[in-house]
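**Q** I'd like to ask you about the structure that follows.
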Amino acid sequence: MMSDGSWMERAIRRERMLVAGGLLLVIASCWAYLLNGAGTLEEMDGMLMPMSSGPWTPGHAALMFAMWAVMMGAMMLPSAAPMILLYAAIARGRRAKGHRVANAGIFAAGYVAVWTVFSLAAVALQFALERLALLSSMMELTSILLAALLLIAAGIYQWTPLKQACLRRCRSPLEFVLTQWREGRRGAFLMGVRHGAYCLGCCWMLMLLLFVGGIMNLAWIAGLAAFVLVEKLAPAGHWAGRVAGMLLVGWGLAILPGAA
């Protein structure tokens, strides 16, 4: 006969696998959408080419928003996975003790909501840059001066107290749970929002670098996503972030003379 402890362990392990599998499915779907052109490519002479910026109709704006939202999911969810899995494990244990705890999907929804709001802001910035004729067909900055200043600003931000404080929160899932835990669906969603806010504070300048390398440049997108993963999860990730900050400043200063 199976003991209560053994049954509980099997239930927790099964739930962890379900949450991990769901996360993997969402992340894979986001990357598949990006690899397929994120709806922004059209066929011309048998080749897939970027769609012209064209008029900003409601449909075009919705397409750009979908692209940004999916891209943020593809880039940010992998680094948030440890926090989501930890929440799921703790929530399962507390539910077994009779506490009213929401599932991990509610927590993840709060996290995604923050990056969805960022996506709206990014679309507005893209619209403004296109109106000023500062974006190419690959959605990268055509102004060397603006690209250099953005690189320098992003590099400096890597060293700011705000960046470091948000990064510490992102790198310490257990501390976050111990200090920010809330019961119920609303509590889980608010926890996700708060964790997403720390993540946004940590990475928003890095995400703006998409305008430097090109929003349609998959190698650049993957590179930034990999860096975020290292910065948040690697043992020396905080030092990697600071080194990257110096490199970004150096890169910006190196290309600045070309703006003259």
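The values are calculated or read from the model by the stated rules, or taken from the named source; none is laboratory data. No experiment lies behind these values; they were computed from the predicted model shown. Cβ atoms come from the backbone with ideal geometry, glycine included; neighbour counts cover every protein chain shown.
**Q** Pick out the one residue from MET139, MET191 that is within 27 Å of ALA226 (Cβ to Cβ), of a type outside the set (Val, Ile, Thr) and at pLDDT below 90.
**A** Numbers: MET191 fails: at pLDDT below 90.
It is MET139.
**Q** Sort out which residues of region 117-140 are within 18 Å of ALA259 (Cα to Cα) and more than 21 Å from the chain's Cα centre (by Cα), and write them in order of number.
**A** Within region 117-140, the subset within 18 Å of ALA259 (Cα to Cα) is 129, 132-136, 140.
The answer is LEU129, LEU132, ALA133, LEU134, LEU135, SER136.
**Q** Checking GLY201 against (1) touching a Phe, Trp or Tyr at 6+ places or on another chain (Cβ under 9 Å); (2) within 20 Å of LEU120 (Cβ to Cβ), which single condition isn't satisfied?
**A** Only one criterion is unmet by GLY201, namely (1).
**Q** Take LEU150 and decide whether it is surrounded by 14 or more Cβ atoms within 10 Å (Cβ to Cβ), farther than 14 Å from TYR198 by Cβ and without any contact (Cβ under 8 Å) to a residue 24 or more places away in the chain.
**A** no
**Q** Here's something else I'd like to know. Would you mind stating whether VAL177 is in a helix (DSSP H, G or I), closer than 23 Å to VAL117 by Cβ and either in contact (Cβ under 8 Å) with a residue 40 or more places away in the chain or not aliphatic (A, V, I, L, M) (or both)?
**A** no
**Q** Residue under question is TRP115, and the condition is that it be farther than 30 Å from TRP181 by Cβ, in contact with a helix residue (DSSP H, G or I) (Cβ under 6 Å, 6 or more places away or on another chain) and surrounded by 13 or more Cβ atoms within 10 Å (Cβ to Cβ); does it hold? Talk me through it step by step, then tell me what you get.
**A** Working: farther than 30 Å from TRP181 by Cβ: no; in contact with a helix residue (DSSP H, G or I) (Cβ under 6 Å, 6 or more places away or on another chain): yes; surrounded by 13 or more Cβ atoms within 10 Å (Cβ to Cβ): yes.
Judged against the criteria, TRP115 is not a match.
**Q** Residues that are surrounded by fewer than 21 Cβ atoms within 10 Å (Cβ to Cβ), among the aromatic types (Phe, Trp, Tyr) and closer than 19 Å to GLY155 by Cβ: does region 185-194 have at least one?
**A** No; the residues of region 185-194 include none that is surrounded by fewer than 21 Cβ atoms within 10 Å (Cβ to Cβ), among the aromatic types (Phe, Trp, Tyr) and closer than 19 Å to GLY155 by Cβ.
**Q** Going residue by residue through region 108-117, is there one that turns out to be among the aromatic types (Phe, Trp, Tyr) and modelled with pLDDT of 95 or more?
**A** So far as region 108-117 goes, yes, one or more of its residues are among the aromatic types (Phe, Trp, Tyr) and modelled with pLDDT of 95 or more.
**Q** Okay, next question. Hey, among VAL177, VAL212, which residue is touching a Leu at 6+ places or on another chain (Cβ under 7 Å), more than 24 Å from ILE90 (Cβ to Cβ) and either surrounded by 14 or more Cβ atoms within 10 Å (Cβ to Cβ) or at pLDDT 95 or above (or both)?
**A** Within the list VAL177, VAL212, the selection yields VAL212.
**Q** Any residue at all in region 6-20 that is under 19 Å from the mean Cα position of the chain (by Cα) and at pLDDT 70 or above?
**A** Yes: region 6-20 contains one or more residues that are under 19 Å from the mean Cα position of the chain (by Cα) and at pLDDT 70 or above.
**Q** ALA222 - would you say it is under 12 Å from the mean Cα position of the chain (by Cα) and surrounded by fewer than 16 Cβ atoms within 10 Å (Cβ to Cβ)?
**A** yes
**Q** Could you tell me whether ALA133 is surrounded by fewer than 15 Cβ atoms within 10 Å (Cβ to Cβ), under 30 Å from MET191 (Cα atoms), free of Cβ contacts under 8 Å to residues at least 40 places away in the same chain and not charged (D, E, K, R)?
**A** no
**Q** Give ARG169, ARG95 a once-over and let me know the one that is basic (Lys, Arg), buried (at least 17 other Cβ atoms within 10 Å of the Cβ) and in a helix (DSSP H, G or I).
**A** So the residue among ARG169, ARG95 that is basic (Lys, Arg), buried (at least 17 other Cβ atoms within 10 Å of the Cβ) and in a helix (DSSP H, G or I) is ARG169.
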